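Below is one structure, written out as structure tokens; comments come after it.
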Amino acid sequence: MSKTFRPILLVLLVFGEILQFFTIAPAQDIEVRIGIVAIAENQPAYFYFDGRFLDDTRPNLKNLVLLDQYAGTLGLAGRANLVSMTDKVGDRVAFKRFAPGEYLAESQFNGWNYNLALAPIGPASAKAHISWVTADQGILMLNDVLPQLGVGRPVAARVEIELPDDWQIITSEPSAKKGVFDVRDVDKAVFVLSRNGNSRVTTAPNGPLTLSISGKWQFADREALAMASEILGEYEKIFGGQSARSPVVSLMHFPENVGLGNWEADTRGSTVTILSSDMPFKNQSVQRLHEQLRHEIFHLWLPNGVNLTGKYDWFYEGFALYQSLKLGIASNNLRFDDFLASLAQAYRLDIIQLDRGSLIAASERRWSGANATVYARGMLVAFLCDLTMLERSKGKRSVTDLIREVYQRGASAKTPLDGNEVVLGAMRERVELKAIADNYVTGSKPINWSKELLAAGIAADGDGAATRLSVVPKPNGRQKDLLDNLGYNSWRKLSGSSK
């Protein structure tokens with residue numbers, strides 16, 4: 001049975017790290033206290049950040065750098081005010097401000113202090129990717145509120161968050177006591193803040209998943225928890241085991257009014273953060289939640305569970321989108337017609353792109369205009385890989401095998417590997433995928449899928465931006481087999497098993 005926990009019990013029972021804090025903590029780079037300076041309805045939320053560097057091995061530390069842009073949102077450093085620096089004995093160190101978020105001290109400093117205005121900024125879509133706090137809820141993502149060290153490795157920190165008693169902290173980070181956390185990588189740390197029980201926290205009865213929901217929705221909390229647990233279990237089968245140790249899924253409304261059906265999400269470390277508006281009817285709301293969870297939970301494995309670097313977003317976003325569609329069909333939460341409609345929409349989005357570079361290049365420019373290409377053409381490449389592998393192996397191998405292999409290579413890597421090299425290596429080792437890699441990933445040719453569609457018994461009606469996909473009226477035996485491998489008859493199998 002799911003249980004609702006008080007804030008301190010969440011830390012005590014979910015993560016079980018008590019009494020180990022000081023013995024298992026890794027060497028840390030930063031120590032910081034975070035708390036509320038002022039917060040009120042319809043007023044900017046101000047938080048203080050009082051910290052110091054703990055690593056004495058870096059000489060001539062005179063630069064303090066705050067992140068100024070992330071995920072396409074500019075001006076983050078402009079949130080800072082009342083900046084100060086101190087040396088090891090606590091004396092003030094003079095400094096000058098240069099570019100936004102860049103400060104140069106006159107001598108080496110150790111401690112630093114500043115306030116940040118954390119009122120929501122940027123478009124609604126930005127709120128899933130950067131820190132913000134309102135009068136009753138918020139998100140702290142440490143990468144955009146702590147100094148940037150630029151050391152080329154994960155930055156560890158001891159973080160103490162001081163909040164009034166009516167505030168709640170929900171996180172997957174290990175904790176020693178209330179409000180104190182040992183963070184192994186600040187780039188992956190997320191803290192969901194909630195006031196006056198605004199968030200309801202439940203845990204899966206037979207698994208490590210924690211679900212936090214705030215606000216009213218068309219579905220019940222227990223339905224969302226069961227859905228998230230089921231999807232997590234399906235991905236564990238696909239990838240061959242668990243990835244995140246104590247995953248947290250947080251679902252909340254946008255901090256401002258947005259239209260029905262809009263959502264944005266961020267999966268960072270072991271935390272899935274979904275900001276969404278609801279749908280008009282319950283069945284639509286449930287389907288939308290299933291779609292959100294299918295896509296975002298995938299990211300707990302790729303890219304979050306692997307030691308891969310670089311801009312290979314085309315793979316972990318495009319292939320996540322495609323695998324999410326296949327899982328939706330397999331679980332009877334998506335019709336095959338909807339599957340084809342999504343692929344046709346991706347094709348139409350890709351075909352109208354004027355700046356047709358490679359997917360590698362598009363990933364480099366994802367947050368500056370190439371996001372649609374990363375998702376649309378990335379998903380089309382996944383679809384072509386799936387069709388080609390299924391056809392060549394007579395249904396014995398699929399794109400799922402490719403995804404699993406990339407994950408296993410990345411998860412077992414002792415040192416960081418280049419993500420594009422690993423994915424392209426896995427593709428080119430399969431002779432049938434080499435042309436796909438060369439033409440559409442490293443190359444920039446328009447998608448030509450006529451041969452693959454014909455083999456699968458799928459017809460493309462219309463041309464270019466008017467393309468529609470449908471199953472041919474009378475597929476032959478091989479086409480029926482491929483369609484079945486894609487999930488065309490999944491609903492029949494599920495209906496039969498439920499009798």
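The values are calculated or read from the model by the stated rules, or taken from the named source; none is laboratory data. This one's a predicted model, so the numbers in the text were calculated from it and none came from an experiment. We place every Cβ from the backbone using ideal geometry, glycine too, and count neighbours over all the protein chains shown.
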- Within the range 267-283, how many residues are outside any loop (DSSP other than H, G, I, E, B), surrounded by fewer than 20 Cβ atoms within 10 Å (Cβ to Cβ) and either without any contact (Cβ under 8 Å) to a residue 60 or more places away in the chain or aromatic (F, W, Y) (or both)? 1
- Scanning the range 360-402 for residues that are touching a Phe, Trp or Tyr at 6+ places or on another chain (Cβ under 6 Å) and of a type in the set (V, I, T), the one surrounded by the fewest Cβ atoms within 10 Å (Cβ to Cβ) turns out to be V374
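For the range 38-92, which residues satisfy the criterion of being among the basic types (K, R) and either part of a strand (DSSP E or B) or more than 30 Å from the chain's Cα centre (by Cα) (or both)? Spell out the reasoning first.
Step one: of the range 38-92, the residues among the basic types (K, R) are 52, 58, 62, 79, 88, 92.
Once the filter is applied, which keeps residues that are among the basic types (K, R) and either part of a strand (DSSP E or B) or more than 30 Å from the chain's Cα centre (by Cα) (or both), the range 38-92 yields R52, R58, K62, K88, R92.
Which of the strands (runs of 3 or more DSSP E) found entirely inside the range 150-266 contain at least 3 residues meeting this: of a type in the set (S, T, Y) and free of Cβ contacts under 8 Å to residues at least 12 places away in the same chain? It would help to see each step written out before you state the result.
Values: elements: 157-162, 167-170, 175-177, 180-183, 190-195, 199-203, 210-214, 248-252.
In the range 150-266, there are no strands (runs of 3 or more DSSP E) which contain 3 or more residues that are of a type in the set (S, T, Y) and free of Cβ contacts under 8 Å to residues at least 12 places away in the same chain.
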- Query: Among the numbered criteria (1) crowded, with 20+ Cβ neighbours inside 10 Å; (2) under 25 Å from A346 (Cα atoms); (3) among the charged types (D, E, K, R); (4) touching a helix residue (DSSP H, G or I) at 6+ places or on another chain (Cβ under 6 Å), which single criterion is violated by E264?
  - Reply: (1)
- Message: So D166 ticks every box in (1) in contact with a Lys or Arg (Cβ under 7 Å, 6 or more places away or on another chain); (2) within 22 Å of A27 (Cβ to Cβ) but one. Which box is left unticked?
- Response: (2)
- Please enumerate the residues belonging to the range 317-357 that are over 24 Å from S470 (Cβ atoms) and in contact with a His (Cβ under 7 Å, 6 or more places away or on another chain). A320
- Message: part of a helix (DSSP H, G or I), aliphatic (A, V, I, L, M) and within 21 Å of Y46 (Cβ to Cβ): is that true of A135 in this structure?
- Response: no
- Query: Residues in the range 448-460: is at least one in contact with a strand residue (DSSP E or B) (Cβ under 6 Å, 6 or more places away or on another chain), assigned to a strand (DSSP E or B) and buried (at least 19 other Cβ atoms within 10 Å of the Cβ)?
  - Reply: yes
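Would you check if there is a residue in the range 407-416 being crowded, with 19+ Cβ neighbours inside 10 Å and not β-branched (V, I, T)? Walk me through it before giving the result.
Of the residues in the range 407-416, the ones crowded, with 19+ Cβ neighbours inside 10 Å are 407, 410.
Filter again for not β-branched (V, I, T), leaving 407, 410.
Yes, that holds for at least one residue.
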- Can you find a residue in the range 370-391 that is of a type in the set (A, V, I, L, M, F, W, C) and not in a helix (DSSP H, G or I)? yes
- Note on the structure: Of those in the range 285-344 that are free of Cβ contacts under 8 Å to residues at least 60 places away in the same chain, part of a helix (DSSP H, G or I) and not assigned by TED's automatic domain parsing to the domain that holds T467, the residue farthest from N371 (Cα to Cα) is Q287
- Message: Among the numbered criteria (1) touching a Leu at 6+ places or on another chain (Cβ under 9 Å); (2) at pLDDT 95 or above, which one does D461 miss?
- Response: (2)
